[in-house]
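This report refers to the structure that appears directly beneath it.
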Ligand code: SF4
């Protein structure tokens, strides 16, 4: 599974993609399933940016953090719905690895924004990343994926 925006799909909150040609090239020969948890949860493109307040994706599943727009709209359940749909797809397709977009409140693997909308990063995972990890799906950033591929061929 790959965050669809990394493959160039214009599914980000700002209506843009985040195409990484080197990632696309590295995926040749693999069965690739593009996913966008936020769109799968029912959000539109474009949409207001969201950040996790109170912690990271793990805390969201523990019920002590939530996902909000800058105006304070609580979209936690929408993010959880998208995460569940992503997990279901992973299980039904037998996906072995998820390559996800760093810093996203859904797909972040190591860092996310801190909920203040001040462009501040904190350590933590996104809501979908947390659910996939809790269910033993391997999650990597595109950088980790490319490094693994490089090591494999060196
Ligand atoms: Fe990309 Fe994930 Fe955000 Fe969708 S939810 S735009 S796949 S980072």
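If you go through the stretch 8-23 and pick out every residue that is within 11 Å of the ligand (Cβ to nearest atom) and either at pLDDT below 95 or at negative phi (or both), you end up with 9. Looking only at residues of the stretch 17-26 that are without any contact (Cβ under 8 Å) to a residue 60 or more places away in the chain and in a loop (DSSP other than H, G, I, E, B), we find that the one that is farthest from residue 117 (Cα to Cα) is 19.
Only one of the numbered conditions (1) touching a helix residue (DSSP H, G or I) at 6+ places or on another chain (Cβ under 7 Å); (2) not in a loop (DSSP other than H, G, I, E, B) is not met by residue 39, and that is (1).
For residue 56, the conditions (1) touching a helix residue (DSSP H, G or I) at 6+ places or on another chain (Cβ under 8 Å); (2) without any contact (Cβ under 8 Å) to a residue 60 or more places away in the chain are fulfilled apart from (2).
The values are calculated or read from the model by the stated rules, or taken from the named source; none is laboratory data. Keep in mind that what you see is a predicted model, and the values were worked out from it rather than measured. Glycine also receives a Cβ, built like all others from the backbone with ideal geometry; neighbour counts cover every protein chain displayed.
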